[in-house]
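Okay, structure first, notes after.
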Amino acid sequence: MFRKICALALCLLMVALPLVRADAMPSDQYFVRGKDALEFLAQGKTDDALKKLAFAYEASGDSDERFLQFVADYLPDLNRKDVQREVAVCYWESATNQWLLAIPISEPIDDEVKALVLLSHDFDTFTGYAVLTWGEVNEGTAASAYVWWNVEYNAGTQALYAD
């Protein structure tokens, strides 16, 4: 009897878990924080970027200084005054059990464009970072059951944005 109850509870939990994740979705502010931080980094305003990100690092040894060195090493093209602010995507990566917020540093016209990726468990706290190519981001979104585009990239389509 105990085994049947445990099995039933486990089945209900397995059914309910995706529904809980499906109900959660990133806010516009979540996307804006990432985009603002990327823009601040491009302008050399590292303190402002770090305030926007407010990392709660999970990996031992991670720090704001290591993040800034990582950006310098892996996003050398970021030292421009203009970065794209329209396109961003957030998707669930089941291998790491985290949300990935990917923001390409320039218009993602091909798969080699680099994207700053911010990791989170809850759409609120950034816990880590990475750099992926836009091709890798597209593969991740294709494999994910949960994907939210801030603005989906569509080459050649003009979009009007109000000031």
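The values are calculated or read from the model by the stated rules, or taken from the named source; none is laboratory data. Computed from a predicted structure; not experimentally measured. Positions of Cβ are generated from backbone atoms using ideal geometry, with glycine treated the same way; all protein chains shown enter the neighbour counts.
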### Query
How many of the residues in the range 69-92 are exposed (fewer than 15 other Cβ atoms within 10 Å of the Cβ) and within 12 Å of Leu41 (Cα to Cα)?
8
### Task
Confirm whether Leu118 is within 14 Å of Phe31 (Cα to Cα) and touching a Ser or Thr at 6+ places or on another chain (Cβ under 8 Å).
no
### Query
Considering the range 34-48 alone, what residues qualify as being in contact with a Leu (Cβ under 8 Å, 6 or more places away or on another chain), over 11 Å from Asn79 (Cα atoms) and buried (at least 19 other Cβ atoms within 10 Å of the Cβ)?
Gly34, Ala37
#### Entry: the range 137-163, subset more than 13 Å from the chain's Cα centre (by Cα) and within 12 Å of Ile103 (Cα to Cα), residue modelled with the highest pLDDT
Val151
### Condition check for Lys52: among the charged types (D, E, K, R), on the phi < 0 side of the Ramachandran plot, touching an Asp or Glu at 6+ places or on another chain (Cβ under 6 Å) and modelled with pLDDT of 85 or more
yes
